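One structure is given below, encoded as structure tokens.
The values are calculated or read from the model by the stated rules, or taken from the named source; none is laboratory data. Because the structure is a prediction, the values reported are computed rather than measured. Cβ: placed from backbone, ideal geometry, glycine included. Neighbour counts: every protein chain shown. Surface areas here come from the heavy atoms of the whole protein model, side chains and all, with no ligands, DNA or RNA. Shrake-Rupley method; radii C 1.70, N 1.55, O 1.52, S 1.80 Å.
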Amino acid sequence: QVQLVESGGGLVQAGGSLRLSCAASGRTFSRYAVGWFRQAPGKEREFVAAIRWSGGSTYYARSVKGRFTISRDNAKNTVYLQMNSLKPEDTAVYYCAADTELVVGTDEYDYWGQGTQVTVSS
């Protein structure tokens, strides 16, 4: 069982940066792949980024590649999403999710956090 708590969201101007954190409970978190997703009002939830349990491989949606960076610190049971050059279209609730299998592009993860709001003003 894994419990996830996101933090770090907020209001930022276009071009600014935020770093989201996903803190996990559970002593086996280091063996889980983690993904970040987002959902804007009136839109479906979409994949943003994912990272293997080892941190050795990362994956990104085309819309964020080159601007966002996913990383993890297994000693701290935390996964991060560094978001740079933010755009108004990045505005959404951001969720982290975990699964024993790496999943890229879909939301087939077993465990989910409650989400954190990111708002980018123009």
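Of note:
- Unique match (being within 21 Å of V2 (Cα to Cα), at pLDDT below 95 and surrounded by 15 or more Cβ atoms within 10 Å (Cβ to Cβ)) among D110, D73, D99: D99
- Residue match in the stretch 46-65 (condition: in contact with a Lys or Arg (Cβ under 7 Å, 6 or more places away or on another chain), in contact (Cβ under 8 Å) with a residue 60 or more places away in the chain, surrounded by 14 or more Cβ atoms within 10 Å (Cβ to Cβ) and of a type outside the set (A, V, I, L, M)): no
- All positions within the stretch 43-57 that are at pLDDT 95 or above and not charged (D, E, K, R): F47, V48, A49, A50, I51
- Residues in the stretch 26-39 that are surrounded by 16 or more Cβ atoms within 10 Å (Cβ to Cβ) and not hydroxyl-bearing (S, T, Y): F29, A33, V34, G35, W36, F37, R38.
- Screening the stretch 25-39 for residues that are part of a strand (DSSP E or B) and not aliphatic (A, V, I, L, M) and picking the one that is farthest from T100 (Cα to Cα) gives Q39.
- In the stretch 13-25, the residues that are farther than 13 Å from G113 by Cβ and either under 13 Å from the mean Cα position of the chain (by Cα) or surrounded by 13 or more Cβ atoms within 10 Å (Cβ to Cβ) (or both): A14, G16, L18, R19
- When each of G10, G42 is tested for being without any contact (Cβ under 8 Å) to a residue 40 or more places away in the chain, exposed (fewer than 14 other Cβ atoms within 10 Å of the Cβ), more than 21 Å from V103 (Cα to Cα) and of a type outside the set (F, W, Y), the lone residue that passes is G42.
- Residues of the stretch 81-122 satisfying the condition of being more than 15 Å from R38 (Cβ to Cβ) and in contact with an Asp or Glu (Cβ under 8 Å, 6 or more places away or on another chain): A98, D99, T100, E108, D110, Y111
- Matching strands (runs of 3 or more DSSP E) fully within the stretch 43-107 where at least 3 residues are closer than 18 Å to S25 by Cα and under 12 Å from the mean Cα position of the chain (by Cα): 78-83, 92-99
- Any chance F68 is modelled with pLDDT of 95 or more and surrounded by 13 or more Cβ atoms within 10 Å (Cβ to Cβ): yes
- Criterion (open to solvent by 40 Å² or more (accessible area, probe 1.4 Å), in contact with a helix residue (DSSP H, G or I) (Cβ under 6 Å, 6 or more places away or on another chain) and of a type outside the set (A, V, I, L, M, F, W, C)) met by exactly one of S85, S122: S122
- Test result for A97, of a type in the set (A, V, I, L, M) and in contact (Cβ under 8 Å) with a residue 60 or more places away in the chain: yes
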